[in-house]
Protein chains: 2
Amino acid sequence: VGPDRHHQETPLVKIGLIGGTGIEGKGLALRLAAAGHSVFIGSRSQSKASARAEQFNSMLERPTIQAMTNMELLRETRIAFLTVPADQAVEVISSLRSGLAPGQILVDVTVPVKFQEGSPRHGGVDMLSNAERLSASLPPGVDLLCAFKTVPAHLLARLDRRLDCDVFICGDASEAKEQLMAIVRTIPSLRPVDAGPLLMSRSLEHMTVLAIWLNRRYRSKEARYRIVGI
Amino acid sequence: VGPDRHHQETPLVKIGLIGGTGIEGKGLALRLAAAGHSVFIGSRSQSKASARAEQFNSMLERPTIQAMTNMELLRETRIAFLTVPADQAVEVISSLRSGLAPGQILVDVTVPVKFQEGSPRHGGVDMLSNAERLSASLPPGVDLLCAFKTVPAHLLARLDRRLDCDVFICGDASEAKEQLMAIVRTIPSLRPVDAGPLLMSRSLEHMTVLAIWLNRRYRSKEARYRIVGI
């Protein structure tokens, strides 16, 4: 697989998807593999990961995506996305703690949403975002970022569709953030936006709650954000 | 003043701006008056309101905006925007309580923001939005809406500039919301978006916090939102 012709300055990297067998994992796997990166699908179950990797590779028409357990994936990749359901995020990370070494970049894409009186709301406790909760579960030296929280997963998984939206990336590790922004820049029709420190994950998660409401109200599945003026 | 030619179905209405002497009041006064509505600038001080109304009228080159005290304004208009600083919103509304009658529509545009370690954050207590706090101070029968929380005030005040963004409107009173959406539709280059129940004000206020951060990061004063896909 050759480098993306438009972004030759961005090195192609190995990227892991922890719990990458769901719809979020599918979208990221397809977009990242199509951009030329080496993608590793992780699951607790090797056979489940293998089945999904095979599906995705047949969609891409080339065998670029590899499958392994979540724990193996952490040994293979320095950047891993956490693509499990929001309410399992802390538990999954705790179970993988021994595999998380300093220098690892963990990208949280989860948003806890609950429904009350037919309306979505942020499912966090107190004012904390899921990313802030996760942050407290990580060993020292692991860089936590947030990204793709506001990008509809099923649209991400449609390689025939343009995304035409912004990807907000926040976190306290600025070098890691720069690396992730460079990776996002390799995906056509997406713009990475530096959304500040990890604290700003509160805004990103609340934006997802609004997008879910807008999808219901306007009978869409594709509500997403674009910042005007920057 | 004739009706906006493109929106003849929308009746022009009387609109009050409580504490309308600041930058938010300026932007709303100019845009609403330019669209043909009757705008009333309110202040605690009649002379302060008059001075600002005179300024705005000279910018518009026609004497359409009137000045009065906040309390008088509530007698004149059925729709009033609350355009005071966020930390004064509850106090101002409490002082006007006797003027708030059932059927009045109050539009909250405020966002409480505080800075910590150089980064903006939502200044609310617990998870509550400013709109939710306000809601608890209102007499029964007053319909509270939120709007314009994410639209940069100084850009609103530049009639020579297109806005090209969405105005998110939330609140629990659906008829009032429809009326406000029709009013927003009379302002060129703005799209009203039904952003759900009042609870969704949490998302809107957190979006303003992110926009403030983006303005710093990208040396802009104009970061604003556009939803793609609806």
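Quick notes on this structure:
- Taken as a whole, the condition of being at pLDDT 95 or above, polar (S, T, N, Q) and under 21 Å from B:MET181 (Cβ atoms) applies to B:SER38.
- B:SER174 vs. criteria without any contact (Cβ under 8 Å) to a residue 12 or more places away in the chain, more than 17 Å from B:VAL90 (Cβ to Cβ) and out of contact with any helix residue (DSSP H, G or I) (no Cβ under 7 Å at 6 or more places or on another chain): yes
- Residues that are among the small types (Gly, Ala, Ser), in a helix (DSSP H, G or I) and under 17 Å from the mean Cα position of the chain (by Cα) do occur in the stretch A:78-88.
- Odd one out for B:ARG161 among (1) in contact (Cβ under 8 Å) with a residue 12 or more places away in the chain; (2) within 12 Å of another protein chain (Cβ to nearest Cβ): (1)
- Test result for B:ILE187, over 30 Å from B:ASP126 (Cα atoms) and at the interface with chain A (Cβ under 8 Å from one of its Cβ atoms): no
Residues checked against (1) touching a helix residue (DSSP H, G or I) at 6+ places or on another chain (Cβ under 7 Å); (2) closer than 13 Å to A:ILE187 by Cα; (3) in contact (Cβ under 8 Å) with a residue 24 or more places away in the chain; (4) surrounded by 19 or more Cβ atoms within 10 Å (Cβ to Cβ):
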{"residue": "A:LYS14", "(1), (2), (3), (4)": "yes, no, yes, no"}
{"residue": "A:ILE23", "(1), (2), (3), (4)": "yes, no, yes, no"}
{"residue": "A:ALA29", "(1), (2), (3), (4)": "yes, yes, yes, yes"}
{"residue": "A:ALA35", "(1), (2), (3), (4)": "no, yes, yes, yes"}
{"residue": "A:PHE40", "(1), (2), (3), (4)": "yes, no, yes, yes"}
{"residue": "A:SER43", "(1), (2), (3), (4)": "yes, no, yes, yes"}
{"residue": "A:GLN46", "(1), (2), (3), (4)": "no, no, no, no"}
{"residue": "A:SER50", "(1), (2), (3), (4)": "no, no, no, no"}
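- Among the residues of the stretch A:176-184, not a single one is buried (at least 17 other Cβ atoms within 10 Å of the Cβ), among the polar types (S, T, N, Q) and closer than 18 Å to B:ALA223 by Cβ.
- Each residue in the stretch B:36-77 was checked for being closer than 18 Å to B:ARG158 by Cβ and part of a strand (DSSP E or B), and 1 of them qualify.
- Residue match in the stretch B:210-230 (condition: open to solvent by less than 10 Å² (accessible area, probe 1.4 Å) and more than 11 Å from chain A (Cβ to nearest Cβ)): no
- Taken together, B:LEU145, B:LEU155 contain a single residue that is more than 7 Å from every other protein chain (Cβ to nearest Cβ), touching a strand residue (DSSP E or B) at 6+ places or on another chain (Cβ under 6 Å) and modelled with pLDDT of 95 or more, which is B:LEU145.
- Among residues of the stretch A:87-102 that are closer than 10 Å to A:LEU134 by Cα and among the polar types (S, T, N, Q), those with a beta-carbon under 6 Å from a residue that is open to solvent by less than 30 Å² (accessible area, probe 1.4 Å) and in a loop (DSSP other than H, G, I, E, B) at least six positions away or on a different chain give the pairs A:SER94/A:SER137.
- Residues of the stretch A:52-76 that are touching a Leu at 6+ places or on another chain (Cβ under 9 Å), open to solvent by less than 20 Å² (accessible area, probe 1.4 Å) and without any contact (Cβ under 8 Å) to a residue 40 or more places away in the chain: A:PHE56, A:ILE65.
- Scan of the stretch A:110-124 for residues that are farther than 16 Å from A:LEU199 by Cβ, in a loop (DSSP other than H, G, I, E, B) and open to solvent by 10 Å² or more (accessible area, probe 1.4 Å), ordered by number: A:PRO112, A:GLU117, A:GLY118, A:GLY123
- All conditions but one from (1) under 22 Å from B:PRO152 (Cβ atoms); (2) at pLDDT 95 or above apply to B:GLY118; the one that does not is (2).
- Residues that are open to solvent by less than 60 Å² (accessible area, probe 1.4 Å), away from chain A (no Cβ under 11 Å) and not hydroxyl-bearing (Ser, Thr, Tyr) within the stretch B:125-142 comprise B:ASN130, B:ALA131, B:GLU132, B:LEU134, B:LEU138, B:PRO139, B:GLY141, B:VAL142, listed in sequence order.
- Qualifying residue in the stretch B:186-197 (condition: more than 15 Å from the chain's Cα centre (by Cα), closer than 18 Å to A:ARG202 by Cα and not hydrophobic (A, V, I, L, M, F, W, C)): no
- Selection status of A:LEU106, among the hydrophobic types (A, V, I, L, M, F, W, C) and modelled with pLDDT under 95: no
- Scope the stretch A:151-195; condition of a type in the set (Lys, Arg) and either at positive phi or in contact with a His (Cβ under 7 Å, 6 or more places away or on another chain) (or both); matching residues: A:ARG185
- Condition check for A:ARG5: surrounded by fewer than 18 Cβ atoms within 10 Å (Cβ to Cβ) and at pLDDT below 95: yes
- If only residues of the stretch A:94-109 that are buried (at least 20 other Cβ atoms within 10 Å of the Cβ) and of a type outside the set (A, V, I, L, M, F, W, C) are counted, the one that is farthest from A:ILE15 (Cα to Cα) is A:ASP108.
- Pairing each residue of the stretch B:190-206 that is in contact (Cβ under 8 Å) with a residue 40 or more places away in the chain and more than 8 Å from chain A (Cβ to nearest Cβ) with any residue that is open to solvent by 10 Å² or more (accessible area, probe 1.4 Å) and of a type in the set (Val, Ile, Thr), provided the two are 6+ apart or on different chains, yields C-beta distances under 7 Å for B:GLU205/B:VAL111.
The values are calculated or read from the model by the stated rules, or taken from the named source; none is laboratory data. Keep in mind the model is a prediction, meaning the values are calculated, not measured. Neighbour counts run over all protein chains shown; Cβ positions are idealised from the backbone, glycine included. Please note that ligands, DNA and RNA were not included when accessible areas were found on the heavy atoms of the full protein model with its side chains. Shrake-Rupley method; radii C 1.70, N 1.55, O 1.52, S 1.80 Å.
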